[in-house]
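Note sheet for the following structure.
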Amino acid sequence: MTASGLRALLPDLAPWHSSVDFRRLWVAGLISNFGSFLTFVALPVQIKELTGSAAAVGAIGAVELVPLIVFGLYGGALADAWDKRKLILWTEAGLGVLCGALLLNSLLPAPAVWPLYVIAALTSVLGSVQRPALDSLWPRIVAHEHMTAASALNSLRWTVGGVLGPALAGVVVAFAGLPYAYAADTLTFVVSVVLIVRIAASPGAHEARKPSLRSIAEGARYAWSRKELLGTYAIDLAAMFFAMPLAVLPFLADELHAAWSLGLMYAAVPAGALLVSVTSGWTSRVHRHGRMVVLAAALWGAAVAGAGAVGNVWLVLLFLALAGACDMVSGVFRAAMWNQTIPDELRGRLAGIELLSYSVGPQLGQVRSGGTAALAGVRTSVWAGGLMCVAAVGVLAAGLPKLMSYDARTDEHALRLKEQRAASATATATADA
């Protein structure tokens, strides 16, 4: 490959160079993401040590699910009506306080179990409020034509954390102890708050309604009216529900007589995603985003089916890495469609709906894969789920022609938003002059 060809594959750094707020927010997210993986690993380990119950560990997901659904939608309404920077700042500070509470509890002579569930639920509340504000802020600080590149760079931030974070967390928890993990996470929140404070204010849109059930319903009606957006949500839900294999990987490793491979299995999916992130330069040159979402989701299902069908552990790891790569491609183009077409006054509420589509799906998928494994076997659960994903994506694609025909260069919503942002930039420049 020539040097120019290699450069074309590297991530497009235009958002990084053109927006100081993007850089600050990106770095803040990277730092807090590493810290969050420390707690992500430490919390279930602590519950396991205190209770010795697998059911008690699994209950963490249950206490997080309802706040995610309720406050994800309400958080979207807040993001449209309130200053986005303040929402992100105060929720980040609140998450740091909750992590500090975990630290204090871990230092007690006899740490209590019930605060761990309360803190997990409150963390879900704050995270669900923060995420729509964060997702709706990117289009304000990144140029319209750079949104695909920004989506890829944000994906890179998450995948770096997904690959390296758990490994670091495992070392800290195993050799230093739980209090050190919680303390390090608390420190990362302090650093991220300092960076977020320096981001410019981002007040709510003048056209946005005050947070209410009516405003949430307005966002839902808009999403329903945009079949190409509806398609991105439905495709992702189907892919995660039918083909999310993480819950059964420990059993798959046992069936393959390769218990040593479990950590590699968990790392394979984010490793594949990371490979796409670091070679994402090509994504800025693709405009048929809907087709890429569909193709990537179908290939995700096919790769998961392959992981369940083969009997060689190295082939399983290869298929899981391919699945992670396909999921990342789908995520990049879903985010680009959202950020380039949704009006500013609705962006927060639609981000709340997006939060549900990519958060609830994996959790329900864990239930599906575990239940199917109990009834039909582990490998059947994996390969059958992958094939059902491919079939579901095909049916959805056939029923949503607007998703398949979406083109960022000609879509009316993308063009309208691009013109509005250009006019706003011109007006700001004139006022400054």
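The values are calculated or read from the model by the stated rules, or taken from the named source; none is laboratory data. Since the model is a prediction, treat every value here as computed from it, not as a measurement. Virtual Cβ from ideal backbone geometry, glycine too; neighbours counted across all protein chains shown. Heavy atoms of the whole protein, side chains included, go into the accessibility calculation; ligands, DNA and RNA do not. Shrake-Rupley method; radii C 1.70, N 1.55, O 1.52, S 1.80 Å.
Assorted remarks:
- Checked against the criteria, Arg379 counts as closer than 15 Å to Leu252 by Cβ, in a helix (DSSP H, G or I) and basic (Lys, Arg).
- Among the residues of region 54-68, the ones that are surrounded by fewer than 15 Cβ atoms within 10 Å (Cβ to Cβ) and modelled with pLDDT of 75 or more come to 1 in all.
- Members of region 396-418 that are closer than 22 Å to Trp300 by Cα and under 25 Å from the mean Cα position of the chain (by Cα): Leu396, Ala397, Leu400, Lys402, Leu403, Met404, Tyr406
- So Phe34, is it assigned to a helix (DSSP H, G or I), modelled with pLDDT of 75 or more, open to solvent by 60 Å² or more (accessible area, probe 1.4 Å) and over 23 Å from Trp282 (Cβ atoms): no
- For Thr51: the one exception among (1) hydroxyl-bearing (Ser, Thr, Tyr); (2) open to solvent by less than 20 Å² (accessible area, probe 1.4 Å); (3) within 27 Å of Gly370 (Cα to Cα): (2)
- Within region 124-177, being open to solvent by 20 Å² or more (accessible area, probe 1.4 Å), in contact with a helix residue (DSSP H, G or I) (Cβ under 8 Å, 6 or more places away or on another chain), among the β-branched types (Val, Ile, Thr) and farther than 22 Å from Gly61 by Cα holds for Ile141, Val160, Val172.
Quick grid of which residues meet (1) free of Cβ contacts under 8 Å to residues at least 40 places away in the same chain; (2) out of contact with any Ser or Thr (no Cβ under 6 Å at 6 or more places or on another chain); (3) in a helix (DSSP H, G or I); (4) of a type outside the set (S, T, N, Q):
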site: Val194; (1), (2), (3), (4): yes, yes, yes, yes
site: Ala200; (1), (2), (3), (4): no, yes, no, yes
site: Lys210; (1), (2), (3), (4): no, yes, no, yes
site: Arg214; (1), (2), (3), (4): yes, yes, yes, yes
site: Ala220; (1), (2), (3), (4): no, yes, yes, yes
site: Trp224; (1), (2), (3), (4): yes, yes, yes, yes
site: Leu230; (1), (2), (3), (4): no, yes, yes, yes
site: Ala247; (1), (2), (3), (4): no, no, yes, yes
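- All positions within region 291-350 that are in contact with a Lys or Arg (Cβ under 8 Å, 6 or more places away or on another chain) and hydroxyl-bearing (Ser, Thr, Tyr): Thr341
- Contacts under 7 angstrom Cβ, first residue in region 413-427 being within 14 Å of Glu145 (Cα to Cα) and assigned to a helix (DSSP H, G or I), partner among the charged types (D, E, K, R) and modelled with pLDDT of 85 or more, 6 or more apart: none
- Leu237 meets the conditions (1) under 19 Å from Leu87 (Cβ atoms); (2) in a helix (DSSP H, G or I) in every case but one. The failed one is (1).
- Looking only at region 272-321, and only at residues there that are part of a loop (DSSP other than H, G, I, E, B) and in contact with an Asp or Glu (Cβ under 6 Å, 6 or more places away or on another chain), the one that is modelled with the highest pLDDT: Arg288
- Of everything listed in (1) open to solvent by less than 10 Å² (accessible area, probe 1.4 Å); (2) farther than 22 Å from Pro166 by Cβ, the single unmet condition for Leu237 is (1).
- Verdict on Gly377 being of a type in the set (Gly, Ala, Ser) and on the phi > 0 side of the Ramachandran plot: yes
- Qualifying residue in region 79-86 (condition: more than 15 Å from Asp135 (Cα to Cα), over 18 Å from the mean Cα position of the chain (by Cα) and open to solvent by less than 20 Å² (accessible area, probe 1.4 Å)): no
- Residue, modelled with the highest pLDDT, within region 1-31, restricted to residues that are hydrophobic (A, V, I, L, M, F, W, C) and outside any helix (DSSP H, G or I): Leu13
- Among residues of region 245-291, those that are farther than 20 Å from Pro11 by Cα and open to solvent by 20 Å² or more (accessible area, probe 1.4 Å), counted: 16
- Condition check for Gln366: in contact with a Leu (Cβ under 7 Å, 6 or more places away or on another chain), open to solvent by 30 Å² or more (accessible area, probe 1.4 Å) and touching a residue at least 24 places away in the same chain (Cβ under 8 Å): yes
- Counted residues, region 292-314 - those being closer than 30 Å to His413 by Cβ and open to solvent by less than 50 Å² (accessible area, probe 1.4 Å): 8
- Met337 falls short on exactly one of the conditions (1) open to solvent by less than 10 Å² (accessible area, probe 1.4 Å); (2) under 21 Å from Glu64 (Cα atoms), and that condition is (2).
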